[in-house]
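Q: If you scroll down you'll find the structure; I have some questions about it.
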Amino acid sequence: MGLTVLHIGKFFPPQVGGIEIFLADLIDAQRKSGISSYALVHGDPMPDDPEWIIRVPVQITLIYAPIAIGFRKSLTRAIQRLRPHVLHLHMPNNSVFWTLTIADAHKIPWVIHWHSDVVVSRAKSGVRLAYQLYRPFEQAVLERAERIIVTSPAYLEASEPLGRWHNKCAVVPLGLKIDFSPNHCPASKTTNLWRDGTLRLLSVGRLAYYKGFETLIQAVAEMPGVELIIAGEGESREILEQLIKKVTAPNTVPRIRLLGQVTDQQKNALLGSCDIFCLASRERTEAFGMVLLEAMAYARPCICSNLRGSGLPWVLSQANAGLLVNPEDIPSWRKEIGRLQEQPQQRERFGKSGFKALHEKFSIDICANRIFQQYKIANSNWELQSSSEDILIVIPAKNEAATVGKMLNELQSTGWNNIVLVDDHSSDGTGDIARAAGVHVLQPILRVGAWGGMQAGILYGLKQGFGTVVTMDADGQHEAAEIGTLLAARSDSDVVVGAFPNRASKLRKIAWQWFRQLTGINLSDFTSGFRVYNREAMEILASSEATLLDYQDLGTLLLLRRSGLTIREVQVAMNMRCAGVSRIFNSWFSVVKYMATTTLLCMARWRAIQVPSNCSIVKKSSP
């Protein structure tokens, strides 16, 4: 049974905005992963709209709130037609409140995506009164929701509306679709707007009070050799035009320009050709700063507001992609811009760090998988489509009675019921615990060791017709919730290895570095037993040649690579070992034996070559 999700959003592209970009990227990633995602949003239907987007015309907008008379009717019809397993409500959004009035909606788990508080702006006194009417409905929806997704720890901590609901909240940073290299700069006449020999500053966003464009304009006005382009449109345009005119010397060409609304191609061209991206927001309405991720995609250094209670400082600090400056502090903005003007190498370092962090922490695939985990928590009755059909969990175990019961319970409670445990002659009742849990148990006649147990489980999977196996250790280190992380990475790989480099000791890290140099396999954890193998990999590992191996580590990886299979590593969260000791790193004798055996295996049977196309790393940050 596949998962169906109905997103209830405010707008959708081509409407311009960070949340709109995110929603489009999220639905694209979800549909590619097999989730049937649909969106119900405000706006006039467009001729080229796909069947999964439903737009409801807006009759009037009151204080940023779109009023669509037909929204409730469209929502009711969508629920009845699609029968979604989850309603994903993107807030703030007044039309979300219709879910409170629809009986069928109350039969479905709700997951709220909290993009921002309703911030009472200094420039919009009417918002204060409107929020008094909005708040009771907001709290009612929060109370009814199963899970609440918040985009950063900083925003969760500072959010007053979420104060009562922290037990439902999970932090999932927003993500961006990455489908180009940082050196790709689309051709556009927009790039010709820059002057030669200047430091090029870019800012992008709606021309609104909370964006703080006045700070940038006044800072740049007194900086020779620096120019600023602001791309966007909004209600503050006239005020900003007057300010630019005021700070520009008579009979000179302005070095600060308002470009107006730009297309995606023009925006990308500007991001690819600027020197520094700036975001000077001064209110928590700027909750995350999706545009920072867009700048990081082009490896551009950033300067943004150190805005208390916003996610901006957290995002930039996590990425180490630039500098933080206090909001509305014009001298400090001028100082930090000047600092990067004089340090091109530092600009390059910030840009590279941001680009790396985008892939490791802020990609849409990582984000989509974490959201998927929240769906599973919200709807515990829904089972993964493939969990009961094509995927087998293989667990080799020896004397793991202290941990195996809890582990099996976590697997089964999250929908994984096809499990085989290979009991390697345990003396503590490990096999009995597994049988009591309803798990199929294999017990070889002779002791076979960890890899022999793993291979026995893989052979069993082949005979039973499974197309994929997930191998896990029975010592409690591997989390059932992270299986989705591995499966999300298998679309372009034959083997996926789950890694948790933080658990490695200094000596183990030295060993891994040695084996990386020796084999050309660029992984960070060679002994991880948390892996996914497709059927082709299963057939190779069930061969008589694989039987000669002692460990599920480099030997299996070399065998798989020699056969032309692709190997990918993803970073996952793991628990520390609850009981027992490592079978490899339990004594100096074991370590020396392992190092010698594995080194000889590498040198004797396979040439040490670099194969970046077959062995890549895609990391997921730990929760």
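The values are calculated or read from the model by the stated rules, or taken from the named source; none is laboratory data. None of these values were measured; they are calculated from a predicted model. No Cβ is skipped: glycine too gets one built from the backbone with ideal geometry, and neighbour counts run over all protein chains shown. Side chains are part of the model used for accessible areas, which takes the heavy atoms of the whole protein and leaves out ligands, DNA and RNA. Shrake-Rupley method; radii C 1.70, N 1.55, O 1.52, S 1.80 Å.
Q: What whole-number value in cubic angstrom gives the convex hull volume per residue for the C-alpha atoms of segment 189-294? Kindly include the intermediate steps, with their values, before the conclusion.
A: Values: hull volume 10.4 nm³, N = 106.
Measuring per residue, one finds 98 Å³ for the Cα hull of segment 189-294.
Q: Rolling a 1.4 Å sphere over the protein heavy atoms, what is the accessible area per residue of segment 274-422, to the nearest Å²?
A: Working: 5340 Å² over 149 residues.
Accessible area per residue, segment 274-422: 36 Å².
Q: Compute the Cα gyration tensor for segment 1-120, then decide on rounded, prolate or oblate, letting a ≥ b ≥ c be the square roots of its eigenvalues: rounded whenever a/c is under 1.5, prolate when a/b is larger than b/c in the other cases, and oblate in all that remain. Working shown, then result.
A: On the way: a/c = 1.36, a/b = 1.18, b/c = 1.15.
Because its axes are fairly even, with a/c under 1.5, segment 1-120 counts as rounded.
Q: Please state the charge dipole magnitude for segment 45-138, taken about the Cα centre, from unit charges on C-beta atoms (+1 on K and R, -1 on D and E), reported in debye and rounded to the nearest 20. Before the final figure, lay out each step's value.
A: Details: 11 positive and 6 negative charges, 56 e Å.
Magnitude of the dipole: close to 280 debye.
Q: A further question on this structure: Expected output is a single nm value to one decimal: the length gained when fully extending between residue 133 and residue 166, i.e. 0.36 nm times separation in residues minus the C-alpha distance. What is it?
A: Details: separation 33, 0.36 × 33 = 11.88 nm, distance 2.32 nm.
Extra length from residue 133 to residue 166 when fully extended: 9.6 nm.
Q: Going by average Cβ neighbours within 10 Å, how do the peptides 254-262, 292-300, 526-534 rank, with the highest at the top?
A: Output ranking for 254-262, 292-300, 526-534: 292-300, 526-534, 254-262.
Q: In addition: Hey, can you grab everything whose amide H is under 5 Å from the amide H of residue 422? Only 5+ residues off in sequence or another chain; H modelled, so Pro and N-termini drop out.
A: So residue 422 has HN proximity to 395, 397, 442.
Q: Something else: Counting only heavy atoms of the protein chains, get the accessible area per residue of segment 1-83 (1.4 Å probe) and round it to a whole Å² value. List each step's numbers first, then the result.
A: On the way: 4070 Å² over 83 residues.
Ligands and nucleic acids excluded, the result is 49 Å² per residue.
Q: I'd like the FRET efficiency for residue 562 and residue 345, computed as 1/(1 + (r/R0)^6) with the beta carbon distance as r and R0 of 35 Å, rounded to 0.05.
A: Details: r = 42 Å, r/R0 = 1.19.
Calculated transfer efficiency: 0.25.
Q: Sticking with the crude label model, points 7 Å out along Cα→Cβ, report the distance from residue 539 to residue 463 in nm, one decimal please.
A: Between residue 539 and residue 463, the label points sit 1.9 nm apart.
Q: Now for a different question. Using a basic spin-label model with each label point 7 Å from the Cα along Cα→Cβ, how many nm lie between residue 62 and residue 547?
A: About 7.7 nm separates the two model spin labels.
Q: For residue 446 and residue 179, FRET efficiency with R0 = 56 Å and r from the beta-carbon atoms, rounded to 0.05? Let's see the in-between values first.
A: Values: r = 51 Å, r/R0 = 0.92.
Calculated transfer efficiency: 0.65.
Q: Using a 1.4 angstrom probe, figure out how much accessible area segment 94-181 has per residue, in square angstrom, rounded to the nearest whole. Intermediate values should be presented prior to the final figure.
A: Values: 3900 Å² over 88 residues.
In whole numbers, segment 94-181 has 44 Å² accessible per residue.
Q: At 0.36 nm per residue, and after removing the present C-alpha to C-alpha distance, how many nm does the segment from residue 432 to residue 491 gain when stretched out fully? Before the final figure, lay out each step's value.
A: Details: separation 59, 0.36 × 59 = 21.24 nm, distance 3.63 nm.
Stretched out fully, the residue 432 to residue 491 stretch lengthens by 17.6 nm.
Q: Once R0 is set to 30 Å, what does the formula 1/(1 + (r/R0)^6) return for the Cβ-Cβ distance between residue 242 and residue 193, expressed as a FRET efficiency to the nearest 0.05? Can you show the working numbers first?
A: Values: r = 22 Å, r/R0 = 0.72.
Rounded to the nearest 0.05, the efficiency is 0.90.
Q: Loop only per DSSP, at most 12 neighbouring Cβ atoms within 10 Å: give me the chymotrypsin sites (Phe, Trp or Tyr not before Pro) in segment 19-82, ordered by residue number.
A: The qualifying sites: there are none.
Q: Report the local net charge at residue 537: Lys and Arg +1, Asp and Glu -1, summed over other residues whose C-beta lies under 13 Å from its C-beta.
A: Numbers: positive: 490, 531, 535, 561, 562, 568; negative: 494, 536, 539.
Overall, the nearby charge balance is +3.
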